[in-house]
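The values are calculated or read from the model by the stated rules, or taken from the named source; none is laboratory data. Since the model is a prediction, treat every value here as computed from it, not as a measurement. Note that each Cβ is placed from the backbone with ideal geometry, even for glycine, and that neighbours are counted across all protein chains shown. Areas reflect the complete protein model, heavy atoms only, side chains present, ligands, DNA and RNA absent. Shrake-Rupley method; radii C 1.70, N 1.55, O 1.52, S 1.80 Å.
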Amino acid sequence: MLVSGASRGLGRAVARAFAANGDTVAVHHGSRRQDAEATLASLPGDGHVLLGADLADPRQTAGLADAAAEALGGLDVLVNNAAVNAPHPPATTEYDHWCAAWRRHVDVNLLGTANLSHAAARHMIGQGTGGRIVNVGSRGAFRGEPDHPAYGATKAAVHALGQSLAVALAPYGIAVTSVAPGFIDTERVTHRLTGPEGEAIRAQSPYGRVASPEEVAEAVLWLASPRAQWSAGAVLDLNGASYLRT
């Protein structure tokens, strides 16, 4: 199985969850090779591999799926976790930076996910044994991301992409699902969980806390399991009741 953006945070937790389940994992990284090496070293079991690629580059993205399939002897699970999330509040962001931020978010979060899903699905179809694709979306796709609008918009697009792929790939035994996590305590955002901002973030959930990466990883692991085929097309909210929708 292949996890994109597995250098740290949720991607690392997902890689560990699958490895603990007995799966052989391809750990993908973009620019954080050293962190990805630490992820690889932490995985139980043998045969795991480290693969680098810039998901904004369609050729590198296709090459990543090919390399994972070759290294693992096939590819039956893809977790699309890699994403960009840089602030660009509309009222205070200069236009050139605004345009660049949108381009980068679309290239990685949406097109990178779409292209890697296509490349992985082609391997799964060729193998004839079905497979699983799990996309990591976001609560922000529904709740809004006022300081990160391109992130929220691209994650909404990822949810829609997953549902389209779920219908298109079901005849091949490939189930596609998405998760929509709320705030997760990862290295990237730990600084935001201190002081008054952290209190406000934790107060969004009636549990008075945020998610651990491992909690979300367990849901991803289940969605990728043989038991979860009938969940195809689902977008699973994982936000501790911090945002409810019908």
Of residues in segment 46-60 being out of contact with any strand residue (DSSP E or B) (no Cβ under 6 Å at 6 or more places or on another chain) and either among the β-branched types (Val, Ile, Thr) or in contact (Cβ under 8 Å) with a residue 40 or more places away in the chain (or both), the one most open to solvent (accessible area, probe 1.4 Å):
PRO58
Give segment 97-135 a look and list any residue that's surrounded by 21 or more Cβ atoms within 10 Å (Cβ to Cβ) and either of a type outside the set (A, V, I, L, M) or in a strand (DSSP E or B) (or both), or say none.
HIS105, ASN109, GLY112, THR113, ASN115, SER117, GLY131, ARG132, ILE133, VAL134, ASN135
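Yes or no, residue by residue, for (1) of a type in the set (Gly, Ala, Ser); (2) out of contact with any Asp or Glu (no Cβ under 7 Å at 6 or more places or on another chain); (3) modelled with pLDDT under 95; (4) surrounded by fewer than 16 Cβ atoms within 10 Å (Cβ to Cβ):
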site: GLU37; (1), (2), (3), (4): no, yes, no, yes
site: PRO44; (1), (2), (3), (4): no, yes, no, yes
site: LEU64; (1), (2), (3), (4): no, yes, no, no
site: ALA67; (1), (2), (3), (4): yes, yes, no, no
site: LEU72; (1), (2), (3), (4): no, yes, no, no
site: PRO90; (1), (2), (3), (4): no, yes, no, yes
site: TYR95; (1), (2), (3), (4): no, yes, no, yes
Only residues that are under 24 Å from ALA26 (Cα atoms) and out of contact with any Lys or Arg (no Cβ under 9 Å at 6 or more places or on another chain): list them for segment 76-103, please.
ASN80, ASN81, ALA82
For segment 230-241, pairs from a residue that is under 17 Å from PHE183 (Cβ atoms) to a residue that is of a type in the set (S, T, N, Q), with Cβ under 9 Å and 6 or more apart or across chains, are LEU236/THR177; LEU236/SER178; ASN239/GLN204; ASN239/SER205; GLY240/GLN204; GLY240/SER205; ALA241/SER205
In segment 20-35, anything within 25 Å of GLN127 (Cα to Cα) and open to solvent by 10 Å² or more (accessible area, probe 1.4 Å) is listed as ALA20, ASN21, GLY22, ASP23, THR24
